[in-house]
Every structure is written in structure tokens, then in C-alpha cells.
Amino acid sequence: MLSAWIGIGCGLRFLNLGGKPLWTDEFGTLGLALGRGFEGVARNEPIGFDQLMAPMRGGATAGFLDAARATVREDVHPPLYFGLLNRWLRFIAPDAGAYVTAWQMRSLGAALGAAAIAAMAWLGWISFGTAGAAHASAWLIAVSPFGVFLSQEARMYSLAVVWIALSLGFFLIALRRARQGAAPPAWLFVAWALANGLGMATHYFQLFALLAQCAAMAALAAGDWKAGRPWTRAAGWRMVLFGAATAILAAPFFPILASLPNHEMALWLHRRFDDWHYLIDPLPEILAATITFFYILPVQNVPNWIAVASAALAIPFWLWSCFFWRRGYSRLYPDDPSQQTGAALGWIFLFSLAILLGITYFSGMFLTSALRYSFFLFPIALLWAAGGIDGWIRRPSPRLRRRLAACAALGLLGAATVSLDFGYSKTQQPELVAEEIVAHSAGPVAVAIAHRRTWCQTAELQAVAWALERDAGRAESAMPVRYVLATGTKNDPPTYRDLDRALERLEGPLDFWALNFAPDGKRFERWMRERGFAPAPLGRDRVGGFLIEHYRRL
């Protein structure tokens, strides 16, 4: 049966894998994984498609360490996933000079998503000790809309889920042994530390999962002591030693995490609590992420009435499911070990949630605004639900099959919704910008973006260029397109001098598209008029997550 769940999960993860438009973060991942980075892309001068996309060509001679060095030099994430993607692409996209396709760059994430299904099956087995829990865990992640979303991006989150599942499993084994009065073996701590170390080399938020586990361990130990069931001295000291070793392991990452709020690439997460909705927003954002761990129905790229009807169905069904899973635990005997496991998972989830909300409210970094950052909550929630389902399986009721079938059907529909791009659409949609450029340009085209010292703006321009080449199809052949990475384009006109030099090299009639330039549009418009450009009919608008401005020179 496990092979069936993995097969279904693979089918959902590889379905339409190359059909979805690429977005900024995926271009950034690829450029770093190939070891080239983005520093070699020319700035402040008009360049063609091939020059802009040079970091995206396959067949690079750079290896794992080159990818790791490029990541450390230009990015904010740990390097493990980028190095693994480098080796994967050497195998799957070896052609020198050819551009890596969307399917090729995303296929590692999809394969790791399949590995996460196996990891969750193992986690269900060792946590609850039954085949029912193992199958429920595997099925839940196989058809999870959130799991499919993470797996269909060329990003590190599927790998991070694998490490968190392994870490959680080793933690629960150690916790069970300690509560039973037996000292956990040394090999278990080594495995636990290794899973956490690899996790933090994949994504720094692994540390949040680790801290939540340690906090839950302390809370449960205190509860057992208060109830007159103190752990044995050997077990207690072994767990304390693990906690100390964990702190030592995590210590090098604390300065990195402390510096993240001020990093250029994290500034987009910052909000000021100068409006009441910023105080409220994190709560529905967390709720939305948790719901989509299990269910989602078409809410994007569909008529509004379908989106409203989908939400009206999915939310009540999720609430009913939570009640159904909770009742599964109540069907077990009070002294059943699964009750203790379920309680431990509840503590871990609550501490994880507290960490996420604490960082959001106290640092001003709205981690909840990006649903993917909830990935470290994901395996915990699925495992808790699997334990509830296992309780029903062990003591079934007459209507159990219909209830499980309803959960399975809605989960499968939600996963297909994500695969077919009717849910979890990208936060930036460069293909929409490309459509506007093609629809409103009359002649030669120049597309410029304001560059701010990181690879993000280069990747954003690459995403638009790729969409022009791929989705607009005829853009390159029907009209010449040049691209400009314009540095120093803040809100002060004298700093536009670099862009001015680039415009001087573009002679004759021109449709000029400015992406994410100064928020003071009137000032930039006056500056453009002085250089012979007039605002085009489209003018200034927000399209697909980009602020676009269209000017024309006759």
C-alpha cells in the first residue's frame, strides 16, 4: 500500500510540473545552484535575452562546492539544497549551452516530495506503532495541497520537510523511552543531531522545529514530575545532555538568525504595526496555511463565485475534520501510548506556533505572510491527524469508511487543484507582465528593473524575459526586446544617471517598460519626459506582483 501512496503522490507532484510559469525565487535558486551566481550579469546597459539568461544554461563545470560558495556569497539561505540541485542537474540536464527547463529544475523538489511521503510513513509507524498510522500519514502528505505546492517549486522546502520528519521521529522515540524510565541510547542522539544539522544546512527555520521539541520536552518532563511520574535519573540526564548538545549545535546559527531581519533580502517581510489589520493578519494567515495542509479548492484563476464557494466548503469541512481527528484519540484507552504521543504533538505544535507568532509580532518580520514559511508546522499537524485516524481504524464505527472517503476525496481534489494551478499560484506572476508588454507595445521594447544590490531583481527581470520568450512566444521575433538592470534608481532624479546612459544607447522609437521603479511616479514621469518619453495609455499599474510603468518615445 505504501508504494500506492507514493505513486499517487508522485503523480500529483509531477502533474503539470513544467507547465506552471517560473517565478523569481526559482530563477534565483537555479542561478546559484549552477554555481555561476548573478554578479556577472551586466548592469546599466541594454542586453539581450541570452546575456540576461546566461546563469541559467546547463552543462556547467561548477560542482557542489561552487554552488555552495555562490549561495553563501549572494544568498541568505544555507547551501545544502543548492549543492544537491547542482549534482541533480549535472545528471538530468547535462547539455552544455541549453537552458535548463522548468521541469528539470523542479524535478528534484518533486522527487524529494516523494521521499517525504516515505519519511512520513516511517514517522507514523514509529510514533504510534501501527500500520494504520503509517498509511494515514503517507496518504495525508501524498494528497496534501501544501505538500504538492512545496514539491512543485525549485526550492528547498521539500527537503526541509524530510529532515523535520526524521528529527521529529527520533525525538518521539527518545521521549517515549525517557517517559518509560529507560535511558535513550546514544545512537538515537547522534541520529537526532544529524537530522537537525542537515535540516539547518537546508533551511534555518529547522531551528524553530528543534526549539519547539526541546520546549515540549521540558513541559512534558515538568508535567510528569508534577503527576508523580518523574523520569529516571539516567533518562533525565541523557535528555539534559541532549538538550545541551543541541544548544551547542544550534549556537552557530543564532547570529545568522539574529542578522536576518536587517538583511536586504528579508526587508520585504517587514511591516509596521501602524494599522490595526497588521495586528490581526497573522492569525488568519496561520489559519489559511493550516487549512491548506489538508484541503484547498479552486480559489485562484477562477471566477469569484467559484472561489467563494470553494472557501465556503473547505473551511467548514476542515473544522469538521479537526473534530473527527480529535475524537479518534478519545476512542483509545486512557493509558494507550498513542494518547501520550498525541499530547506531545500538541505541545510541539503549540510551541512551534508560539515561535512563529512571536517572531512576527516582536521582530516585525511577518513570516506568516508567506505561507511556505509554515513548513516546519506541516509534519506535526499531519502526524497528529494521522494519529486520530488511527484511533478510528483501531475502533471503527459503521460510518467510518464514508468519513475517510470524504477526507480522502477532498484532499485529492485539493492536491489536483494545486497541480493544475487553481490554488497556490505564485506571489509574482511575470507571465501577466509579459502579456501586457506584448499587448501594448508597438515597436522595439526595452524592459528595465530597479536593481537593489541582491540577485532578486536580476531574477525578477529574468522571469519576465523568460515569460516573454515562452508565453508570449513571438515577442523576440516580432519585436526586438532589450533588458536593463538599472542600479541606483531610488527616488532622487540625479541617481538616474546610470539609467540615462542606458537609454542613450537605445535609439529611435521605443516602448520603455519600467518595473518596480520609484514609488513617486510623478517625479519619475517628469524625468522621463525630459528625455523625450511620454506616458503610454497603460500608464502606471500593478500587474502580477510588479509595479509597471509604460513610456513611449516616437
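Taken together, the values in this text are just the output of simple stated rules run on the coordinates, not laboratory data. Bear in mind the structure is a predicted one, so any value in this text is a computation, not a measurement. Reconstructed Cβ throughout: ideal geometry from the backbone, glycine too, with neighbour counts over all protein chains shown.
Residues of the stretch 191-207 falling in the label zone of A245, defined by backbone nitrogen less than 16 Å from a point 7 Å along Cα to beta-carbon, are 191-199.
Calculated over the stretch 296-434, the projected area of the Cα convex hull averaged across directions stands at 10.7 nm².
Applied to the stretch 311-320, the Karplus parametrisation 6.51 cos²θ - 1.76 cosθ + 1.60 on θ = phi - 60° returns per-residue 3J(HN,Hα) values of 5, 5, 8, 5, 5, x, 5, 5, 4, 4 Hz, with x for Gly and Pro. The spread of Cα positions in the chain, taken along each principal axis and listed from longest to shortest, comes to 84, 52, 50 Å. Straight-line reach from K522: taking Cα to Cα under 17 Å and skipping same-chain neighbours fewer than 8 places apart, the aspartates and glutamates in range are D492, E530, D541, E549. Out of all Cα-Cα pairs in the stretch 1-153, roughly what percent, to the nearest whole number, are more than 18 Å apart? Looking at the stretch 1-153, the distances longer than 18 Å represent 62 percent of pairs. Based on every Cα atom in the stretch 90-164, Rg and the maximum pairwise Cα distance Dmax equal 14.8, 51 Å.
Look at F512, F128 and count the other Cβ atoms within 10 Å of each Cβ; fewest to most, that gives F512, F128.
With contributions of -39500 (n - 2.57) from each DSSP H run of at least four residues, the per-residue ellipticity at 222 nm computed over the chain stands at -19500 deg cm²/dmol. Gyration tensor over the Cα atoms of the stretch 103-252: the corresponding equivalent ellipsoid has semi-axes (square roots of 5 times the eigenvalues, largest first) of 30, 18, 11 Å. When peptides 380-388, 201-209 are sorted by average Cβ neighbour count within 10 Å, with the highest value leading, the order is 380-388, 201-209.
Here the contact order of the chain, divided by its residue count and restricted to Cα pairs under 8 Å and six or more residues apart, works out to 19 percent. Computed extension gain for L350 through R452, at 0.36 nm per residue and net of the alpha carbon distance, reaches 33.0 nm.
The ranking of W325, W527, W320 by Cβ neighbour count inside 10 Å, starting from the fewest, reads W320, W527, W325. Within the stretch 1-88, the GluC sites (Glu not before Pro) that combine a DSSP coil assignment with at most 13 other C-beta atoms in a 10 angstrom radius are E39. With neighbour counts taken as other beta-carbon atoms within 10 Å, the residues S419, S425, S321, S259 rank, fewest first, as S259, S425, S321, S419. In units of the compact-protein estimate 2.2 N^0.38 Å, the stretch 19-94 shows a Cα radius of gyration of 1.08.
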